[in-house]
Amino acid sequence: MLTNSRSVMLMMSFAAGTFAAGASSKPRHLMLAQPSQGIPNNPLPLIIYPEVVPEEVEQGEQGESGQQWEPGEQAEQNDEGIEEHRRDLAQWFRTEFGRHGWPVSWHGPIYPYTHYHPNTHELLGITSGWAEILFGGESGRMVTVYAGDAILIPAGVGHQQISASEDFMAVGAYPPGIKPKTLGDEQALLEQSMLEIKRVAIPATDPITGGEGALTEVWHQQAH
């Protein structure tokens, strides 16, 4: 079930013409196959996994029902509960991503400028807040993401944080042993990057399920 704040953001996203991650609980695909100026993008679709965090972890934000606090104490306890919930989400993503072969490399906001990785796919997990992210460069698509969502970004697909809540944070993960190369919108590097992107292997399993899933259903089918 969507929280009130998430429902409001979904309505705002639809009104603005952006792609809202939480509009469905099923994985969603976003095609960004064509280059956009110096951003190569990728024929493999970007995959959005809405609300992948289990309900019991998500509900940690609400605190214990029936608990009584004095007014000042309640505010303090609420702040502590929210911070603990953020840590729980971050830890869940670290554990699950790592267990499925995607060790987490960083935790923080997303760069506020368009960038891409020509040598690796990237897996994002949203640990708190919400953000509007532009995928695919200037001619791409805006996506609104929320705490609990995950996004699989194909190698070469541009991404940029456009706006976000004050508490927005994400984790980023890559296949084992890979250090991502980060490039910007540079036309001179486009041809070389497109050749490098073609050499990036498609993972054998889905990063969320650890077996069959959106990645195997979409990426594997497209590769054959």
Highest mean packing first, using Cβ neighbours within 10 angstrom, the peptides 34-46, 109-121 sort as 34-46, 109-121
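Decide, for the range 119-224, between rounded, prolate and oblate: order the square roots of the alpha carbon gyration tensor eigenvalues as a ≥ b ≥ c, take rounded if a/c falls under 1.5, and otherwise choose prolate if a/b is larger than b/c, else oblate.
Judged from the Cα gyration tensor, the range 119-224 comes out oblate (a/c at least 1.5, b/c at or above a/b).
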The range 169-224: spread of alpha-carbon positions along the three principal axes, whole Å, largest first, is 38, 34, 21
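We did not get these values from a lab; they are worked out from the coordinates using the rules stated. Predicted, not measured: the structure shown is a model, and the values here were computed from it. All Cβ positions, glycine included, derive from the backbone under ideal geometry; neighbour counts span all protein chains shown.
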